[in-house]
1. Scan Arg228, Arg237 and give me the residue that is of a type in the set (Lys, Arg) and either in contact with a Pro (Cβ under 6 Å, 6 or more places away or on another chain) or closer than 24 Å to Glu288 by Cβ (or both).
2. Can you find a residue that is in contact (Cβ under 8 Å) with a residue 12 or more places away in the chain, of a type in the set (Phe, Trp, Tyr), over 28 Å from Gly263 (Cβ atoms) and in contact with a helix residue (DSSP H, G or I) (Cβ under 9 Å, 6 or more places away or on another chain) anywhere in the range 213-235?
3. Just to be sure I understand, how many residues within the range 91-100 are in contact (Cβ under 8 Å) with a residue 60 or more places away in the chain and part of a loop (DSSP other than H, G, I, E, B)?
4. Take the conditions out of contact with any strand residue (DSSP E or B) (no Cβ under 7 Å at 6 or more places or on another chain) and either farther than 14 Å from Leu158 by Cβ or among the aromatic types (Phe, Trp, Tyr) (or both) and apply them to Val202. Does it pass?
5. Could you please give the count of residues in the range 132-145 that are within 14 Å of Arg115 (Cβ to Cβ) and touching a helix residue (DSSP H, G or I) at 6+ places or on another chain (Cβ under 9 Å)?
6. Is there a residue being under 28 Å from Gly240 (Cβ atoms) and among the charged types (D, E, K, R) anywhere in the range 129-138?
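Nothing in this text is a laboratory measurement; each read-out follows from the coordinates by a stated rule. Just so we're clear, the structure is a prediction, and the values are computed from it rather than from any experiment. Positions of Cβ are backbone-derived with ideal geometry, glycine not excepted, and every protein chain shown enters the neighbour counts.
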Amino acid sequence: MPQPVTSPRESQSAGAVLMVRPARFAFNPETAASNAFQASDAGREAVAGTDAIHELALREFDGVAGGLAGRGVDVIVAEDTAVPAKPDAVFPNNWVSFHHDGSVVLYPMFAPNRRLERREEIVRHVTQTGSYRTSRLVDLSYREEQAKFLEGTGSLVLDRANGIAYATLSARTDLDVLGEFAQQLDYDLVTFESADATGLPVYHTNVMMAVGTAFAVVCGEAIVDPVRRIAVLDTLRSSGHEVIEISKTQMHQFAGNLLELKGSHGNVIALSTTAWASFGGGERRSLERHAGIFAADVPVIERLGGGGVRCMLAEIHLPKR
């Protein structure tokens, strides 16, 4: 079991995020087979009203970006390009992550049309707009040639302060690539297998768990092996986190898909109204003890994209110039 460090190696919460404003948001058939969070009938709905759906998604995007900026989070917005079409461009955390030592990591993506989202100009936009310093590029995208994938902080839930990376193995989260990430970024790995209510592997770790500074939300019942389940919970508790366990039903309502950020007046937990509504009174009070709550309404992005508010945010931990 990884041992917690005596003092945090970096802050868990970022004060800045990258968001990508989509140019052609739509249901993505290339991801639907492995993402049970995309509604099964959403594809037919999307074909029937592509333009209207895109406009609704833009409204939801602007609500998240504006709301976080209002809480004092530095929101860097990059514009998607209409050609080629990138239906999931609103989820940049899957292809890039930014780290406290100046590392920028690019990830291998499962769906071919999602690989188009990796754009050098977006990374450059982040560093120039935020006056950030980078030290190296860790490009894991070559693993796509081996059909091995690791989709950023969708596949990885990082306890940055303690150097622990949690990951549920799936078609989108390969153990070999996890090992390379851990070696390059100096993380201990806590891996496990999990299943949703239908018995399918949970496609991304960040829909079943989240780690904040002093709390963690996790769907323990989704972890298949009881021994691994105990190990995950023990590691979270021993590293100083109050554990809030959620059910599979809550997981499917995006209750595990949240992110603690650093606002100008204290930490804030960003999540969707769907997720917030799924928590009971005691669970809400537990979260509110740790940070303020920012709940945004993103039903179209959740239903068609299969990802919630957390998936829309790529935290920026880079050092300033």
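1. Values: Arg228 fails: either in contact with a Pro (Cβ under 6 Å, 6 or more places away or on another chain) or closer than 24 Å to Glu288 by Cβ (or both).
Criteria check complete, one pass: Arg237.
2. Step one: list which residues in the range 213-235 are in contact (Cβ under 8 Å) with a residue 12 or more places away in the chain, which gives 213-225, 228-229, 231-235.
Now restrict to residues that are of a type in the set (Phe, Trp, Tyr): 215.
Those still in the list that are over 28 Å from Gly263 (Cβ atoms) too: none.
No, every residue in the range 213-235 fails to be in contact (Cβ under 8 Å) with a residue 12 or more places away in the chain, of a type in the set (Phe, Trp, Tyr), over 28 Å from Gly263 (Cβ atoms) and in contact with a helix residue (DSSP H, G or I) (Cβ under 9 Å, 6 or more places away or on another chain).
3. First, the residues of the range 91-100 that are in contact (Cβ under 8 Å) with a residue 60 or more places away in the chain: 91-94, 96-100.
Still in the running and part of a loop (DSSP other than H, G, I, E, B): 91, 99-100.
Of the residues in that region, 3 qualify.
4. Values: out of contact with any strand residue (DSSP E or B) (no Cβ under 7 Å at 6 or more places or on another chain): no; either farther than 14 Å from Leu158 by Cβ or among the aromatic types (Phe, Trp, Tyr) (or both): yes.
Answer is no for this residue.
5. The first filter runs over the range 132-145 and keeps only residues within 14 Å of Arg115 (Cβ to Cβ), leaving 139-145.
Retained after the next criterion (residues that are touching a helix residue (DSSP H, G or I) at 6+ places or on another chain (Cβ under 9 Å)): 140-141, 143-144.
Number of matching residues: 4.
6. no
Yes/no per residue for (1) in contact with a Phe, Trp or Tyr (Cβ under 8 Å, 6 or more places away or on another chain); (2) of a type in the set (S, T, N, Q):
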{"site": "Gly240", "(1), (2)": "no, no"}
{"site": "Ile244", "(1), (2)": "yes, no"}
{"site": "Ser247", "(1), (2)": "no, yes"}
{"site": "Glu283", "(1), (2)": "no, no"}
{"site": "Ser286", "(1), (2)": "yes, yes"}
{"site": "Ala296", "(1), (2)": "no, no"}
{"site": "Arg303", "(1), (2)": "no, no"}
